[in-house]
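Every read-out reported here was derived from the displayed coordinates using simple, explicitly stated rules and does not represent laboratory data. These numbers were taken from a predicted model, which means no experiment stands behind them. Neighbour counts run over all protein chains shown; Cβ positions are idealised from the backbone, glycine included.
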């Protein structure tokens, strides 16, 4: 059964999209954004739903490898390029490599912060590329101050 | 009285944010995104609300200068850089210059399509720059095909 959208947080804006995770593993996430609650005035996926899907798919793998008592995630920037309108649900996935995970852990240990850029292809139900997201995620120590 | 968020369309995703226009004129829009329905798990404005505000503020001035029976707007890409968390409502505005309006009308006449890049500073209630949006809007003829 798909898990609720938020990775341990509770953000009403995200919950309203009814986004669901199809898979969450250490360093990996796959999610689906349903069309029905997120359709625009011409019955294709609205812009904002892509940004939510891209951010969640980008951030969740990072969140999965940190101790939330020690560190927290922020989004530094997000960009979405639109290629093709989607008249269906849209899915996306992102995986941090073992090398990236090791580098993140080393950076958190050494300086209390780490970051990564996630590139997120977003596909319609036929596998067409509807949009591409690029999201910079930062992971910070709770007592980090710049 | 502020107008409803959508510029003639009806997008439930946008309506759910309770965004409102503070001003709409020919080639100009100013809008406010309320914090309450769009707060994240630490009670600051959630990422997705900035993308909605940036897109609406960018697109509305373009929509105001076209005949919807002839042309329609699309978002080609959107990027938002986050500078400072906002624990308040967030406002944004964008104006097309008379030169840009003339150029858009000339392009629509000549080739059935036009476009512009809108840079959108988004300010918290104290006037601090919370985020910057960059949105590419395209205006297309209904019988445009690439």
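The table below lists the values:
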| quantity | calculated |
| --- | --- |
| Top of A:106, A:31, A:86 by mean-square fluctuation, Gaussian network on chain A, Cα under 10 Å | A:106 |
| Estimated FRET transfer efficiency when R0 is 25 angstrom, pair residue B:126-residue A:142 (beta carbons, to 0.05) | 0.50 |
| Cut-off 18 Å (backbone N to label point 7 Å along Cα→Cβ of residue B:41), residues of region A:25-52 | A:25-32, A:52 |
| Exercise: per-residue mean of other protein chain Cβ atoms within 10 Å, A:75-83 | 6 |
| For the protein assembly as shown: span of alpha carbons on each principal axis (Å, largest first) | 58, 46, 28 |
| Once the Cα gyration tensor of region B:3-141 is diagonalised, semi-axes √(5λ) in Å | 27, 15, 12 |
| Three-way shape label, region A:85-146, alpha-carbon gyration tensor, a/c 1.5 | prolate |
| Inter-copy separations for residue A:105, label at 7 Å along Cα-Cβ, nm, ascending | 6.4 |
| Label geometry 7 Å along the beta-carbon vector: residue B:26 inter-copy distances in nm | 6.4 |
| Teacher prompt: residue B:127 distances to equivalent labels in other copies, 7 Å Cα→Cβ, nm | 5.6 |
| Cβ neighbours within 10 Å from other chains - mean over A:112-122 | 0 |
| Per-residue mean of C-beta atoms belonging to partner chains within 10 Å, peptide A:48-54 | 6 |
| Principal-axis tilt of helix B:98-111 within chain B, Cα atoms, nearest 10 degrees | 50 degrees |
| Relative contact order (%) - chain A, alpha-carbon pairs under 8 angstrom, separation at least six | 25 percent |
| Using alpha-carbon coordinates, inclination of helix B:47-63 to the longest axis of chain B, degrees | 30 degrees |
